[in-house]
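This report refers to the structure that appears directly beneath it.
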Amino acid sequence: MNTVTTLPLPRRRTSRHRLGSTLRTVAIAVVLAVLLLPIVWMVLASLRTTLDIVDPQRFLTAGFTLDNYRGVLSRYNFSPFIANSFLIAFASTLIALVVGAPAAFAISRFHVRNATAFLMLARVLPGVSLLVPWFFLFSTLGVVGGYPVLIGTHVFVTLPFVVAVMAGFFTSLPEELEESAQVDGLTRAGAFLRITLPLSVPGLATSAILAFIFSWNNFLFALVLSSQQTRTLPVAISNFTAYASVDWGGLMAAAVVITLPVILVALVAQKYVVSGLAAGATKG
Amino acid sequence: MITGTAPAGAEPDAAHLSAPGPVFRPEDHRPERRRGLRDRLGSWIDRHLKVLFIAPSVAYIATMIAFPILYTVYLSLTNSQGAVTRPFDMVGLENYTHWLTDTDRFWPATWRTIYYTALALALEMVFGLAIALLLRKSFRGQGIVRAAILAPLVATPVAIGMMWMLLLEPNIGIVNHMLGNLSLPRLGFLTSPGQALTTLALIDVWQWTPMVALILLAGLSSLPDEPYEAASVDGASRLQQFWYVTLPMLWPTMAAAMMLRAVDALKSFDVIYATKGRGGGSEHEVETLNILAYGQSFEFSQYGRASALLMIFLMLIVAALAVIHILRKAGQQ
């Protein structure tokens with residue numbers, strides 16, 4: 001891969017090389033520490049009593065407790081918000097896949113670059129600028145606070161991701177597969193459904209995971225458009241700071257509850273997330 | 001010819017084409033080929049496949065965007081406020097002149113938005129490129145490292161805000177505790193009006209540098225080897241190779257990453273709102289254009305004013321994208 005190292009190197013360079021690779025290991029360790037220690041600290045704090053959190057001397061040696069999690073789930077009753085977040089993220093991901101995958105297929109096969117550029121507008125426009133008119137429209141229709149509106153607006157987040165990732169994926173699949181299926185008597189749409197889609201499972205997984213993560217993390221749309229019943233986790237947790245600002249343990253437990261699902265998904269599907277983010281990003 | 005180019009995954013479907021002997025054709029074994037409704041529907045769908053497949057997505061995004069943009073333009077020319085259904089009048093460009101002459105909230109918010117974006121973007125590009133170069137060569141534990149750096153960028157922004165509030169808390173936070181141990185002065189971070197905006201930009205750097213690193217890593221791995229071979233034959237040093245080979249070839253990818261990050265940094269909302277609340281703190285010290293527009297819309301219901309502000313904000317975003325686009329073109333020459 002690296003052609004430079006295949007050239008014969010003068011001998012005295014080897015010690016320099018060893019030094020270089022040690023430095024690199026140290027640098028990587030520093031990067032990881034900066035990126036991960038805050039999250040480790042958050043998880044640790046969620047397992048400590050508030051008394052132990054406020055005293056850094058006791059923090060590291062104190063015992064573990066699950067009281068904060070019990071508090072979040074029972075006293076502050078976060079369970080419905082967890083369910084709301086799951087429902088909305090899941091539904092908006094599913095809809096984006098159903099609507100977006102065929103669009104991406106057509107875009108990749110007919111080279112409709114304008115359509116991709118247009119869909120990317122959804123990534124560029126600030127959410128607040130869309131929310132004022134949306135709020136007017138949905139209020140007039142009397143649907144603010146309902147699940148359909150929340151799911152529908154979250155599709156706005158998930159759809160561009162699905163189209164960008166899938167368009168790239170379909171382009172990497174050879175068109176001959178569909179052509180030979182058509183020779184065998186399938187319609188073009190049938191070839192897409194029976195041949196292309198089954199081969200696209202990795203791409204579909206990538207876009208589904210990314211869409212789910214970004215819908216799950218979305219804060220602004222639910223902040224304005226949800227009701228008490230349909231509130232999602234990010235909104236619930238941001239309200240939580242207002243009335244439980246000194247309950248650091250509870251706050252950290254809530255923060256862990258909301259980040260844990262996405263971090264787990266990202267860790268398990270690491271390869272997909274990396275390729276998807278790179279693809280989704282450069283298409284923008 | 002067809003089977004020759006088919007990848008391994010396609011063999012079950014394509015194998016019969018190259019198989020010797022009688023070729024299996026599904027239509028031969030169908031009971032009776034009726035040219036019925038289904039076939040006609042199928043061929044109609046095929047003829048209109050492009051439109052049928054793309055239309056739902058485009059129609060959805062168009063509806064969700066076109067109506068808001070047109071309505072925002074319209075509202076920005078009115079004095080709409082209060083309840084959604086309350087009648088309002090046209091006031092011309094009054095809302096625009098209100099903001100452009102507002103040195104109290106608007107101009108400070110504009111400068112804050114630009115400062116936050118420029119600081120975050122500059123640091124993210126430098127650190128992102130450094131990390132990408134660091135992870136470029138394969139090493140043991142590569143998979144784990146690449147997975148680990150994903151954590152900040154998939155974590156929920158609101159939770160990230162909570163997390164940093166605890167870490168940076170002036171009295172109990174571990175960061176100040178460590179500064180104290182190193183006999184450095186303790187800082188207010190998010191709570192100190194003079195430091196909060198910079199602190200938030202640095203949180204943005206913490207969260208999104210991995211994203212830039214991943215994009216640039218993808219860009220680096222797709223660079224061809226030949227220019228490096230030529231450069232090393234010519235005796236170019238590592239630094240020279242980086243400056244004259246890597247950077248110019250990576251430039252389009254860097255511009256794409258910059259564009260993405262610029263847009264997202266300009267419209268940052270979640271972490272700022274989660275840590276500093278409405279109005280951007282007691283002295284509006286972290287009030288960016290996005291936070292100001294949100295407050296005008298959904299706290300004070302000043303829809304006319306807010307719409308004019310959003311139009312100005314949109315122009316700022318377009319201007320930022322244009323600048324990066326020009327930079328990209330310039331870098332390619």
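The values are calculated or read from the model by the stated rules, or taken from the named source; none is laboratory data. Everything numeric in this text was worked out from a predicted model, so none of it was measured. Ideal geometry is used to build each Cβ from the backbone, glycine not excepted, and the neighbour counts take in all protein chains shown.
Residues that are more than 14 Å from chain B (Cβ to nearest Cβ), touching a residue at least 12 places away in the same chain (Cβ under 8 Å) and in a helix (DSSP H, G or I) within segment A:50-72 comprise A:Asp67, A:Tyr69, A:Gly71, listed in sequence order.
Inspection of segment A:205-220 identifies at least one residue that is among the β-branched types (Val, Ile, Thr) and either more than 9 Å from chain B (Cβ to nearest Cβ) or farther than 23 Å from A:Thr93 by Cα (or both). Identification of helices (runs of 4 or more DSSP H) wholly contained in segment B:106-202 with 1 or more residues that are touching a Ser or Thr at 6+ places or on another chain (Cβ under 7 Å) yields B:106-134, B:157-167.
Among the residues of segment B:235-251, those identified as on the phi < 0 side of the Ramachandran plot and either in contact with a strand residue (DSSP E or B) (Cβ under 6 Å, 6 or more places away or on another chain) or not in a helix (DSSP H, G or I) (or both) are B:Ala236, B:Ser237.
Only a single item in (1) of a type in the set (A, V, I, L, M); (2) within 19 Å of A:Leu173 (Cα to Cα); (3) more than 7 Å from chain B (Cβ to nearest Cβ) is not met by A:Ala106, and it is number (3). Quick one: in segment B:178-202, which of the residues that are under 27 Å from A:Gln57 (Cβ atoms) and of a type in the set (A, V, I, L, M) is surrounded by the most Cβ atoms within 10 Å (Cβ to Cβ)? Applying the filter and picking the extreme gives B:Leu190.
Looking at segment B:291-333, which of its residues are among the hydroxyl-bearing types (Ser, Thr, Tyr) and within 20 Å of the chain's Cα centre (by Cα)? Residue satisfying the conditions is B:Tyr294 alone. Surrounded by fewer than 17 Cβ atoms within 10 Å (Cβ to Cβ) and of a type in the set (D, E, K, R): is that true of B:Asp270 in this structure? So B:Asp270 fails the test. When B:Leu247 is tested against (1) among the hydrophobic types (A, V, I, L, M, F, W, C); (2) under 27 Å from the mean Cα position of the chain (by Cα); (3) crowded, with 16+ Cβ neighbours inside 10 Å, exactly one condition is not met: (3). Of the residues B:Arg86, B:Arg38, B:Arg34, B:Arg25, the single one that is of a type in the set (Lys, Arg), modelled with pLDDT of 55 or more and surrounded by 11 or more Cβ atoms within 10 Å (Cβ to Cβ) is B:Arg25.
Here segment A:42-69 is the region considered, the condition is being small (Gly, Ala, Ser) and modelled with pLDDT of 85 or more, and the residue that is nearest to B:Leu168 (Cα to Cα) is A:Ala45. For segment B:150-165, the set of residues classified as of a type in the set (Val, Ile, Thr) and more than 7 Å from chain A (Cβ to nearest Cβ) consists of B:Ile160 only. B:Thr85 passes every criterion in (1) under 30 Å from the mean Cα position of the chain (by Cα); (2) farther than 30 Å from A:Ala96 by Cβ apart from (1). If you go through segment A:32-46 and keep only what is surrounded by 21 or more Cβ atoms within 10 Å (Cβ to Cβ) and either out of contact with any Phe, Trp or Tyr (no Cβ under 8 Å at 6 or more places or on another chain) or not in a helix (DSSP H, G or I) (or both), you end up with just A:Met42.
Checking B:Ala322, B:Ala293 one by one, the residue that is within 11 Å of chain A (Cβ to nearest Cβ) and of a type in the set (Gly, Ala, Ser) is B:Ala293 and no other. Checking each residue in segment B:252-276 for being outside any loop (DSSP other than H, G, I, E, B) and either of a type in the set (Ser, Thr, Tyr) or facing another protein chain (nearest Cβ under 8 Å) (or both) picks out B:Thr253, B:Ala256, B:Ala257, B:Met259, B:Leu260, B:Val263, B:Leu266, B:Asp270, B:Tyr273, B:Ala274, B:Thr275. State yes or no: is A:Val224 in contact (Cβ under 8 Å) with a residue 12 or more places away in the chain, in contact with a Leu (Cβ under 6 Å, 6 or more places away or on another chain), within 10 Å of chain B (Cβ to nearest Cβ) and over 24 Å from A:Val112 (Cβ atoms)? Yes: the conditions hold for A:Val224. Is there a residue in segment A:76-98 that is of a type outside the set (Gly, Ala, Ser) and farther than 27 Å from A:Leu220 by Cβ? Checked against the condition, which is being of a type outside the set (Gly, Ala, Ser) and farther than 27 Å from A:Leu220 by Cβ, segment A:76-98 yields no hits at all. Residues of segment B:277-313 being among the charged types (D, E, K, R), in contact with a Gly (Cβ under 9 Å, 6 or more places away or on another chain) and assigned to a helix (DSSP H, G or I), which ones? Answer for segment B:277-313, where residues must be among the charged types (D, E, K, R), in contact with a Gly (Cβ under 9 Å, 6 or more places away or on another chain) and assigned to a helix (DSSP H, G or I): just B:Arg278. Residues in segment A:122-172 that are without any contact (Cβ under 8 Å) to a residue 60 or more places away in the chain, β-branched (Val, Ile, Thr) and more than 11 Å from every other protein chain (Cβ to nearest Cβ): A:Val143 only.
For A:Leu159, indicate whether it is closer than 29 Å to B:Met315 by Cα, in the same structural domain as A:Arg231 (by the TED database) and either of a type in the set (A, V, I, L, M) or assigned to a helix (DSSP H, G or I) (or both). Answer is yes for this residue.
Closer than 30 Å to A:Trp134 by Cα, more than 9 Å from chain A (Cβ to nearest Cβ) and charged (D, E, K, R) - does that describe any residue in segment B:139-149? No, because not a single residue in segment B:139-149 is closer than 30 Å to A:Trp134 by Cα, more than 9 Å from chain A (Cβ to nearest Cβ) and charged (D, E, K, R). Exactly one residue out of A:Phe78, A:Phe64, A:Phe59 is among the aromatic types (Phe, Trp, Tyr), buried (at least 17 other Cβ atoms within 10 Å of the Cβ) and more than 18 Å from A:Ile263 (Cβ to Cβ), and it is A:Phe59. When A:Ala96 is tested against (1) crowded, with 23+ Cβ neighbours inside 10 Å; (2) under 25 Å from the mean Cα position of the chain (by Cα); (3) farther than 30 Å from B:Val58 by Cα, just one condition goes unmet, and that condition is (3). Count of segment B:69-83 residues, restricted to those that are in a loop (DSSP other than H, G, I, E, B), out of contact with any Phe, Trp or Tyr (no Cβ under 7 Å at 6 or more places or on another chain) and surrounded by fewer than 17 Cβ atoms within 10 Å (Cβ to Cβ), is 2.
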